[in-house]
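See below for the structure under consideration.
Any read-out appearing in this document is the output of simple, stated calculations on the displayed coordinates, not a laboratory observation. Keep in mind the model is a prediction, meaning the values are calculated, not measured. Here Cβ is always computed from backbone atoms with ideal geometry, including for glycine, and neighbour counts include all displayed protein chains.
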Amino acid sequence: MRDRFNNIDRPIELPNEYHCCLTLIIDVSGSMEPHLPHVDASVNRMIQELRQDARLAKIVDMSIITFSDRGQHKLVQPFDSISRLPEVKLSLGGSTYAVDALEMARANTSRQKFRYDSGCFKPWLVFITDGNIFDDLSEIGAKLRQDDADGKYHVLCFGVGAGYEKKQLFMLSDKCFQILNYNFSEFFSWIGRSQAALSVSVPGSNVGISLSSSVKQLSITA
């Protein structure tokens with residue numbers, strides 16, 4: 001992918017329209033090695049699907065942040081419109097430390113919201129992991145939950161496979177799900193359809209979006 005600093009301030013396309021603002025926060029730790037090519041292919045397929053609508057491709061802005069070893073979080077794709085995104089090809093990391101990546105997502109999303117002259121729908125922060133996270137999520141979790149409650153953005157957490165810790169996901173959000181059978185293709189297509197539905201809704205309204213067949217909502221008991 002292109003250098004991560006090259007397009008931070010690229011002009012907003014269709015500045016007179018409301019925009020959708022999506023951040024993918026993706027675990028690239030070693031356990032993701034057999035699945036990362038499928039993630040790449042599925043994200044690229046989602047992008048191509050959204051590009052079939054020329055307007056939609058210009059009002060959905062996406063960024064990608066990856067996390068692995070401590071201090072190795074990366075903004076691999078700054079916010080840009082779907083119409084201008086390069087091909088996604090993520091690099092594998094080591095372990096599973098997520099706090100810095102989540103802080104980066106908060107800061108980048110807040111900054112991006114202020115760049116829209118006409119405003120944006122409530123942004124999505126989509127957190128994806130297949131492992132047990134090693135750093136303490138209590139502080140960042142409190143921030144994210146408060147931000148979500150204050151209407152700053154939706155925080156959606158997705159566990160992959162059987163190695164993730166469900167209680168850790170619920171530290172970050174009440175909206176927690178499992179990606180079934182490593183079905184990344186259908187999962188990212190669902191994200192794309194969700195952004196498409198959002199883009200034609202009335203700002204501030206509730207948009208009902210059915211879960212994909214590849215996603216199961218999680219619950220937690222004390």
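Here is how the numbers come out for the structure above:
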item: Debye, to nearest 20: dipole size of the chain, +1 on Lys, Arg Cβ, -1 on Asp, Glu Cβ; result: 380
item: Leading residue at positive end of dipole, the chain (Cβ point charges), from Leu90, Thr129, Leu22; result: Leu22
item: Relative contact order (%) - the chain, alpha-carbon pairs under 8 angstrom, separation at least six; result: 23
item: DSSP bridge pairs, segment 8-113: antiparallel proportion in percent, nearest 5; result: 40
item: Links that overshoot a 20 Å alpha carbon limit, given the list Lys58/Lys216; Lys113/Lys152; Lys122/Lys216; Lys58/Lys122; Lys58/Lys152; Lys89/Lys143; result: Lys58/Lys216; Lys122/Lys216; Lys58/Lys152; Lys89/Lys143
item: Length released on extending from Ser91 to Ala107, taking residue separation times 0.36 nm less the Cα-Cα span; result: 3.5 nm
item: Net charge of neighbours whose Cβ lies under 13 Å from the Cβ of Leu56, counting Lys and Arg as +1 and Asp and Glu as -1; result: -1
item: Förster radius 22 Å - calculated FRET efficiency between Asp40 and Leu211, Cβ distance, rounded to 0.05; result: 0.40
item: Share of alpha-carbon pairs per 10 Å distance bin for the chain, given as whole %; result: 8, 36, 40, 15, 1
item: Share of alpha-carbon pairs per 10 Å distance bin for segment 109-186, given as whole %; result: 18, 44, 28, 10, 0
item: Rounded, prolate or oblate (a/c below 1.5 giving rounded, otherwise prolate when a/b exceeds b/c) for segment 45-153 by Cα gyration tensor; result: oblate
item: Cα shape, segment 87-145, gyration tensor, a/c 1.5 rule; result: oblate
item: Lys122 versus Asn16: modelled label distance in nm, points set 7 Å from Cα along the beta carbon direction; result: 2.9
item: Using alpha-carbon coordinates, inclination of helix 99-113 to the longest axis of the chain, degrees; result: 10
item: Antiparallel bridges, percent of DSSP beta bridges restricted to the chain (to nearest 5); result: 25
item: Potential extension, Arg70-Tyr182 segment - 0.36 nm per residue separation minus Cα distance; result: 37.8 nm
item: Dipole magnitude of segment 121-179, debye to nearest 20 (Cβ charges: Lys/Arg +1, Asp/Glu -1, about Cα centre); result: 220
item: From the C-alpha gyration tensor of segment 143-189, square roots of 5λ in Å; result: 23, 14, 5
item: Segment 14-42-segment 100-167 distance, computed between alpha-carbon centres (Å); result: 13
